[in-house]
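**Q** Provided herewith is a single structure, encoded as C-alpha cells, for subsequent inquiry.
The values are calculated or read from the model by the stated rules, or taken from the named source; none is laboratory data. What you see is a predicted model, and the numbers here were worked out from it, not measured in a lab. Reconstructed Cβ throughout: ideal geometry from the backbone, glycine too, with neighbour counts over all protein chains shown.
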Amino acid sequence: MTHRPDPSHTHTHTAPHTATRRGVLRGAAAAGAGTLALWAAGPRAAAAPRHAATPSVITRHTGPYEVMALLDAHGTFPGTQQGVFPDATEADWARARRLDPAAFGPDDTWELDFRCYAVRGPGGRVTLVDTGIGPAGSPASDWAPVPGRLPSVLRHAGIERDDVDTVILTHLHEDHFGWTVDPEGTPMFPDARHVVQRTEIESLGADDSARSYVVEPLRRAGLLHPVDGRVKVRGRSGCAGLTAVPTPGHTPGHQSVLVEGGRHSIMITGDVLVHAVQLAAPDVAYRLEDDQDTARRTRHTLLAEARTHHHLLATAHLNHTFHRP
C-alpha cells in the first residue's frame, strides 16, 4: 500500500520550517510536562541505562573497524506516535511493535533512544557520527531529555577527546549536534574535522540555532569541513573505510555513513529511519521530515541497497540498535 502524505506536511528547509519544527516539539513538550568537567569523571560516570538490560555501549565489527553505538539519552517524544506518523495503519504499527517493542509507551507515546556512533579503526583513531542532545541549555533543551551523557559514555568506551580526529554530522537538527561545542561555543573535539554536507549548511535560515550554535563556532575554529555528495571520509577509494552517503529528505543535506571493512558492512542511518514503523513500512512519513516524498524515496533506496549488499543498519533512535533489513 502506498501512503500519500497530506501536501501540507511536505516542507522546504527554510528558517520558517525550522521555527515550525522547534515550535511543534517545544509546544508538545510543554503540554506533556560544567560540560568539560564530565570528561574528567571517568568510567564510573558512564550513562545509566534506561533499564538494567540496556548497555550504554553496544559494539559490532566489520573488518578492522569497531562500530560502537553510544547511548546519549533516552526519553519520551513530545506528542503521540500516531500524531507524528499519521499515515501509519494498524498493520504497520503491529509490524513495528514486533521490531522494536520498547518504542511503545502508554497512551500511544513514543519511547526513543538518542544515540551517537563511534567508529574506531586501525591505530585507535576515532570517527564520531553525531554528537547527541548536548548539555543543559543546548538547543535541544526545549524538548529533549538534556543533559545527555555522551562525554562520560565515550570515557566508558575508552575514548578520549583527542582520540577523535573526525566528526561526521548526519544533519543539523538539535538532537544530533548538541555535544559538538560546549555552552561557550568551544569545540568539544578540537583535533577533529567536522564533516557536513554543504547543502545542509546552505539550507539553514539566518536564525537557525544550528548556524549560531555549531556552524559559526566550527568555522571560526577552522574545523568545519563541508563536502559535496558521496565522499570517502576515511580510507582509499575501493578499499575499506568510511563513506559519507547523501540520504536527503529528512533534511536537504542529510547524510548517512557507510562503514566498509568485512563481508558485511554497517550503514549508520542517521534519521532516515526515526522509528521502527518506517522500517516496517518505508512509505510511512514522519510529520517533521523536511521533504516527505524525497525522504520516502531515500528510505526505499537505502533499504534496497542494504538488502542487496547485506548491510547491517545502525539506527539513531530505535531502541533496538542494529537491524538486518
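**Q** Can you tell me how many residues in the range 222-250 are among the basic types (Lys, Arg) and either part of a strand (DSSP E or B) or buried (at least 17 other Cβ atoms within 10 Å of the Cβ) (or both)?
**A** Residues flagged as among the basic types (Lys, Arg) and either part of a strand (DSSP E or B) or buried (at least 17 other Cβ atoms within 10 Å of the Cβ) (or both) within the range 222-250 amount to 2.
**Q** Identify the single condition in (1) outside any strand (DSSP E or B); (2) at pLDDT 95 or above that VAL257 does not satisfy, given that it satisfies every other one.
**A** Checking VAL257 against (1) outside any strand (DSSP E or B); (2) at pLDDT 95 or above, the one that fails is (1).
**Q** Being over 19 Å from LEU258 (Cβ atoms), part of a loop (DSSP other than H, G, I, E, B) and among the aliphatic types (A, V, I, L, M) narrows it down to one residue among LEU273, LEU288; which is it?
**A** Working: LEU273 fails: over 19 Å from LEU258 (Cβ atoms).
Only one candidate qualifies: LEU288.
**Q** Taking the range 99-134, which residues are over 30 Å from ASP165 (Cβ atoms) and within 22 Å of the chain's Cα centre (by Cα)?
**A** LEU99, ASP100, PRO101, ALA102, ALA103, PHE104, GLY105, THR109, TRP110, GLU111
**Q** Moving on to the next point. Within the range 135-155, count every residue that is of a type in the set (Gly, Ala, Ser) and buried (at least 23 other Cβ atoms within 10 Å of the Cβ).
**A** Residues of the range 135-155 of a type in the set (Gly, Ala, Ser): 136-138, 140-141, 144, 148, 152.
So of that shortlist, the ones also buried (at least 23 other Cβ atoms within 10 Å of the Cβ) come out as 138, 140, 144, 148.
Of the residues in that region, 4 qualify.
**Q** If a residue must be touching a helix residue (DSSP H, G or I) at 6+ places or on another chain (Cβ under 6 Å) and not small (Gly, Ala, Ser), how many such residues does the range 85-99 contain?
**A** Counting residues in the range 85-99 that are touching a helix residue (DSSP H, G or I) at 6+ places or on another chain (Cβ under 6 Å) and not small (Gly, Ala, Ser) gives 4.
**Q** I'd like to check something: does the range 82-101 contain any residue that is under 21 Å from HIS320 (Cβ atoms) and touching a Gly at 6+ places or on another chain (Cβ under 6 Å)?
**A** no
A quick yes/no check of all residues on (1) under 15 Å from the mean Cα position of the chain (by Cα); (2) surrounded by fewer than 21 Cβ atoms within 10 Å (Cβ to Cβ); (3) under 29 Å from ARG60 (Cα atoms):
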{"residue": "THR199", "(1), (2), (3)": "no, yes, no"}
{"residue": "ALA210", "(1), (2), (3)": "yes, no, no"}
{"residue": "GLY261", "(1), (2), (3)": "no, no, yes"}
{"residue": "THR298", "(1), (2), (3)": "no, no, yes"}
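**Q** Applying the selection to the range 64-79, what residues are crowded, with 16+ Cβ neighbours inside 10 Å and over 20 Å from CYS116 (Cβ atoms)?
**A** Answer for the range 64-79, where residues must be crowded, with 16+ Cβ neighbours inside 10 Å and over 20 Å from CYS116 (Cβ atoms): PRO78, GLY79.
**Q** Another question, if that's okay. Residues GLY137, GLY75, GLY148: which one is more than 24 Å from GLN292 (Cα to Cα), in contact with an Asp or Glu (Cβ under 8 Å, 6 or more places away or on another chain) and in a loop (DSSP other than H, G, I, E, B)? Steps first, please.
**A** Numbers: GLY137 fails: in contact with an Asp or Glu (Cβ under 8 Å, 6 or more places away or on another chain); GLY75 fails: in a loop (DSSP other than H, G, I, E, B).
Among GLY137, GLY75, GLY148, only GLY148 is more than 24 Å from GLN292 (Cα to Cα), in contact with an Asp or Glu (Cβ under 8 Å, 6 or more places away or on another chain) and in a loop (DSSP other than H, G, I, E, B).
**Q** Applying the selection to the range 88-134, what residues are assigned to a helix (DSSP H, G or I) and crowded, with 24+ Cβ neighbours inside 10 Å?
**A** ALA96
**Q** Of the conditions (1) modelled with pLDDT under 95; (2) touching an Asp or Glu at 6+ places or on another chain (Cβ under 9 Å), THR199 clears all except one; give me its number.
**A** Every listed condition holds for THR199 apart from (1).
**Q** Yes or no: GLY158 over 23 Å from THR251 (Cα atoms) and in a loop (DSSP other than H, G, I, E, B)?
**A** So GLY158 passes the test.
**Q** Here's a follow-up. Residues in the range 84-98 that are within 22 Å of the chain's Cα centre (by Cα) and β-branched (Val, Ile, Thr): how many?
**A** 1
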